[in-house]
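The values are calculated or read from the model by the stated rules, or taken from the named source; none is laboratory data. Predicted model, so just to flag it, every value in this text is computed and none were measured. Counting neighbours? That spans all protein chains shown, and the Cβs are built from the backbone with ideal geometry, glycine included.
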Amino acid sequence: MTDSLDIVGQSVTRLELEDKVLGVTRYTADLKRPGMLYAKILRSPHPHARIVAIDTSAAEKAPGVHAVLTHHDVSSFAIEGDLLVLDARLRFVGDEVAAVAAESPAAAADALELIRVEYEPLPPVFDCGAALAPGAPELHPGGNLVDGRRLVVERGDTEGAFPTAFRVFEGVFHTAAHGPVGMETRSALAEWDDDRLTVHKTSRSLHAHDRKILSNALGIPLEHVRVICTSMGGGFGNKDEGRLGPLAAFLARKAGRPVRLEYSRMEEFIAGRNRQAMVSRLKIGVAEDGAPVAIEMRSEMNAGAHVASGRNVTRRIGQGALYLYACPNARFEGASVYTNHPAGGSFRGLGAPAGHFALEVLMDQVAAGMGLDPLEYRLRFHVGPEGQPGRRTTPPGEAIPDEPVEGGVPFSSHGLRECLLSGAERIGWRERRQPNGSATGPSRRGLGVAMGIYKGGVGREAQAEIHVDRRGRVEVRVGVVDVGQGSSTILAQIAAEALQLPLDFITMVMADTAHTPPGHITAGSSTTFSSGHAVKQAADTVRNRLRERAAATLGVSDVSLSGGVFTAQGREGAALTFHQLCAALPEPVIEQVTLTPGSTDRVINSFSAHFAEVEVEMDTGRIRILRYVAAQDAGRIVNPRLAEGQVTGAVLQFLGIALREELLMDPTSGVTLNPSFLEHKNTAIVDFPPVEVLFASQPEPLAPFGAKGLGEPPVVPVYAAVANAVANATGVWLHEAPFTPKRVLQAIAQQGADRP
Amino acid sequence: MQNFSYHAPATLGEACALMAEAPDRSRFLAGGSDLHLALEHHAGPVDTVIDLKRIAGLEGIEETPGGGWRIGALTRMAALERHQGLRAALPALCAAAAVVGGPPIRNRATLGGNLCNASPAADTATPLLAFGAQVEVSGGGVPGSNASRTLALEALWAGPRSTTLRPEEVLTAVVIPPPPTGGGANESTANESTAHGNAFARLTRSAMDIALVNAAASLTLDGSGRLASLTVALGAVGATVLSVPGTDALLGRPVDEALLEDIGKMAETAAQPITDVRASAEYRREMAGVMAMRAVGWAAAPAKGDTP
Ligand SMILES: Cc1cc2nc3c(=O)[nH]c(=O)nc-3n(C[C@H](O)[C@H](O)[C@H](O)COP(=O)(O)OP(=O)(O)OC[C@H]3O[C@@H](n4cnc5c(N)ncnc54)[C@H](O)[C@@H]3O)c2cc1C
């Protein structure tokens, strides 16, 4: 059946597009309720302090104020292990001290100024080295090294292998903190009906996280909590499960009225979850022919005040070093460190872009050092379909871990080489790339390449429900959130294809715990793979049951289904429309599927090969991106237009991050210095050329209709593709991102442009 | 944003009189692209906003005899950037107007607002200073105020975001003198085929941004391609837009690499930049030199008959 596909593979218009274009779409902050109050948060002026006393009496009496919330009013439930709903201990400038709900945003803001707080300032610590030094102020019990240990992942024996290397290359690479800046700021609306709570919020995980957190924090049964996300205005894996929901819910309970809490842009920059600064020390040993024989990466992430999903962020820094090149010995060591920076969390690609920056730039330095063209080097040494060298250590039949470090585990599909070749051809690598760039003088041009490897088929437990009623309404119910990436359209296409029904027969019901089965988190580029599997399996079953019914009704042994019409096989002219069949159903057809997809013996990864052409102004240090080609292996492409949008958006987002986005903090006070669009400079669309997107052709055998993950993989190689193009243009290696003009000039001054 | 009462008087006299009633709590409004943000963030209490856009005669671009220009204070950036005559004669000003914000901003933002906002990064201020422009201001006949007067542009600014105008005074027009004949340095070549050129250069972090540094140059070349006049101005590297002093010492020299190097050094010396979240003082100083070199090089190219 998958040989000829009708709907999967088509660029159907995304389902919610018209509403978004017309401005009809309702985001959380658009929602209003009768009697609704507006919440505002009092934030810490200190990077590290303890609340000695807090007096809210004046604020409570202020006009229009209905509730004031402090750490005395909330439960002691820790949201993410290390995060209380409100805490007497404050860990960054901007940390939540208290909250007010009032009849207008202005009344709430005015009341904040009436709250009297006595702080005991504590010594702050801002950088990882200082935070790990003996005697450093401890931000959480157990110390500042998260989990009390560094994460170590190892294959083979790097220590033994480095001495055998022909040459060893080393480098230290830095990436800066920045704000992910979804256009919609964080927002939550909480309303109580007796002891039942409904929360609308910006979310990526309303079943798997928000609902449980609210139930635990508010001390009410799970069944009494409903969480809804109407529409997301920018997710990027970053809209967290922290204090927002519980604060709105506690305030609403105390005030006895619905409460909406909406972050300002400044709060979003300071108290939203940012991408944190990371540093990686990388060492690559190569044999005489250039083949990597040992790769070792040691990384640290400045996790800020709370770690949330930061452990995974740190883990992904090692992704490229461990997997991208065939290498018998590889080791990654990662530390997440608490400091008095604002709290970090997840963001598109987790640590992988930073890790790939280090790996792919140093690999270019290896290639240059060994006298090899960077494309040739990659074609020779990238990891092949057979996986890493060595032997599988997990017993056969036993599920290999999500990310096996061991050798001997093949990829289920592998389009990396195809991406390298097609991207190189598109940008004209072989004809146009010169070893020393393509110009001398004040403006120089160069071409760069970088690869990426990322999770492409994360198997999360996924559920889907399909209801077909007598009116012929087909509801596909999935508990995940479409965070803006278009998953509702993709899942509808998968359902329609499997049901063999036209797409407009399908109604998607998502992101409401009252009307969907439990759903997984929208993270790790997993929705198409995991929820897609569940939807497809449910749809396959429903289709077969409907076909059996139609055959029975028509009195034949089999029917074909096309365009919503069942046609009898072998009996001319006998047919039944889908709606006729449904009208005669004795009861609705309902199918519910729960599964955890994945493989016990293959790795499912998405691959990228990106090519950048840049121009560098040698007198100002400015980098201009002239051309960008992104070749992606995401298996079969369910919706080419949406997929191109994902890749283009990913590349533009990370070109901005690579070139200029950076959150600056005053090193003594801990104050964030540029929490605004004026000063945290984002990319303007005119800054960049169109991104040319190519896709590899091989479907993934283990994925629904062959589709692998695509949300994050295209962000992974961007830093390195740009840095390598700059190196080709100027002869200067960039090891610190973002590549601001000043850093480029500094690198030129330190390393000396090797050409006049 | 705070609440305020809004007035749109039809005459200058009314506008100035209204302002004189409560000068510390009132503001003039032109395009509003600066004022709107000021009211939201840092203007202090304001309860009266006096719109200047209904007052006749404050908008328009006209050439004056001898090749000078008179531009009404309420003239918008979009009008400046599109004006054919201005583009031929004062490309530096048109280029500066063309980079102020994006198209919606340029359809609102006025020349007078850009100058009266007194930001050291105001883009049109730099070329105007290089042209030796003057501004006409009027107290609208309010008792006790100055009569209409004309002052040199540099005398308009007291510091960042602060002008020397009395509160009720309105900037009505900008007057740009005809380009110098270039007689000063070398009498004998003054009447030969002299050529004028001017240009604007600017450095930002992204396509839409306030200048980290901007520079404008206005020059005259004599018949043998030697400098007969040269002024260079720099923006965003001091408390106000500033002129690079001492450029007269360069007169008589051809515009070549050596000259540009000297300009670059003079601009670096003249710059008094600060460090902020956009750039360090050190980088700004270096870039003041680079932008000055670019502006002079580009200004000389068409004057020499090259295309920049
Ligand atoms: C998104 C954005 C981008 C911008 N980009 C740039 C840029 O790239 N370069 C740049 O230089 N500027 C930029 N600006 C700033 C602004 O647009 C300009 O300074 C503009 O020219 C101001 O003119 P206006 O008519 O809007 O002034 P208004 O905001 O109306 O007024 C500014 C100030 O001047 C006073 N004023 C105005 N007209 C007069 C007058 N005739 N007499 C006396 N006082 C007067 C007002 O009282 C007020 O204090 C930007 C602004 C925004 C919002």
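For this structure, a couple of remarks:
- Which listed residue, of B:Ala233, B:Ala207, B:Ala201, is within 16 Å of the ligand (Cβ to nearest atom), in contact with a helix residue (DSSP H, G or I) (Cβ under 6 Å, 6 or more places away or on another chain) and without any contact (Cβ under 8 Å) to a residue 12 or more places away in the chain: B:Ala207
- A single member of A:Thr70, A:Thr25 is polar (S, T, N, Q) and either closer than 30 Å to A:Leu499 by Cβ or touching a Cys at 6+ places or on another chain (Cβ under 8 Å) (or both), and it is A:Thr25.
- In region B:1-34, the residues that are more than 14 Å from chain A (Cβ to nearest Cβ), near the ligand (Cβ under 9 Å from one of its atoms) and in a loop (DSSP other than H, G, I, E, B): B:Ala30, B:Gly31, B:Gly32
- In region B:27-38, the residues that are farther than 14 Å from B:Thr163 by Cβ and modelled with pLDDT of 95 or more reach residues that are within 6 Å of the ligand (Cβ to nearest atom) and in a loop (DSSP other than H, G, I, E, B) with C-beta atoms within less than 8 angstrom, at least six apart or across chains, in these pairs: B:Leu29/B:Leu52; B:Gly31/B:Arg108; B:Gly31/B:Ala109; B:Gly32/B:Arg108; B:Ser33/B:Gly101; B:Ser33/B:Arg108; B:Ser33/B:Ala109.
- When we screen B:Asn117, B:Asn107 for residues that are within 8 Å of the ligand (Cβ to nearest atom) and farther than 15 Å from B:Ser243 by Cβ, the only hit is B:Asn117.
- Candidates A:Glu692, A:Glu736 - the one that is touching a His at 6+ places or on another chain (Cβ under 6 Å) and surrounded by fewer than 22 Cβ atoms within 10 Å (Cβ to Cβ): A:Glu736
- Condition check for B:Val241: away from chain A (no Cβ under 14 Å), touching a strand residue (DSSP E or B) at 6+ places or on another chain (Cβ under 9 Å) and in contact (Cβ under 8 Å) with a residue 60 or more places away in the chain: yes
- Out of A:Leu678, A:Leu710, one residue alone is away from every other protein chain (no Cβ under 14 Å) and assigned to a loop (DSSP other than H, G, I, E, B). It is A:Leu710.
- Qualifying residue in region A:219-240 (condition: in contact with a helix residue (DSSP H, G or I) (Cβ under 6 Å, 6 or more places away or on another chain), among the acidic types (Asp, Glu) and in contact (Cβ under 8 Å) with a residue 12 or more places away in the chain): no
- For region A:512-534, filtering for residues that are among the hydrophobic types (A, V, I, L, M, F, W, C) and assigned to a loop (DSSP other than H, G, I, E, B) leaves 3.
- Long-range neighbours under 7 Å by Cβ, at least six apart or interchain, first residue under 17 Å from B:Ala271 (Cβ atoms) and more than 14 Å from chain A (Cβ to nearest Cβ) within region B:108-131, second within 8 Å of the ligand (Cβ to nearest atom) and aromatic (Phe, Trp, Tyr): none
- Every test in (1) of a type in the set (S, T, N, Q); (2) farther than 25 Å from A:Gly234 by Cα; (3) within 14 Å of chain B (Cβ to nearest Cβ) is passed by A:Thr683 save one, and that test is (2).
- Which numbered condition A:Gln537 fails, given (1) within 32 Å of the chain's Cα centre (by Cα); (2) part of a strand (DSSP E or B); (3) within 24 Å of A:Val12 (Cβ to Cβ): (2)
- Positions within region B:181-210 being more than 14 Å from every other protein chain (Cβ to nearest Cβ), modelled with pLDDT of 60 or more and surrounded by 18 or more Cβ atoms within 10 Å (Cβ to Cβ), in sequence order: B:Thr194, B:Ala195, B:His196, B:Gly197, B:Asn198, B:Ala199, B:Phe200
- Those helices (runs of 4 or more DSSP H) of region A:366-474 in which 2 or more residues are more than 30 Å from A:Arg315 (Cβ to Cβ) occupy A:416-427, A:429-432.
- Residue match in region B:62-75 (condition: near the ligand (Cβ under 8 Å from one of its atoms), under 13 Å from the mean Cα position of the chain (by Cα) and of a type outside the set (D, E, K, R)): yes
- Strands (runs of 3 or more DSSP E) within region A:588-655 that include 2 or more residues surrounded by 24 or more Cβ atoms within 10 Å (Cβ to Cβ): A:605-617, A:623-633
- Any chance B:Gly101 is part of a loop (DSSP other than H, G, I, E, B), away from the ligand (no atom under 16 Å from the Cβ) and over 20 Å from B:Thr172 (Cβ atoms): no
- For region B:35-58, a residue qualifies if it is in a loop (DSSP other than H, G, I, E, B) and in contact with a Lys or Arg (Cβ under 8 Å, 6 or more places away or on another chain), and the qualifying residues are B:Ala43, B:Pro45, B:Val46, B:Asp47.
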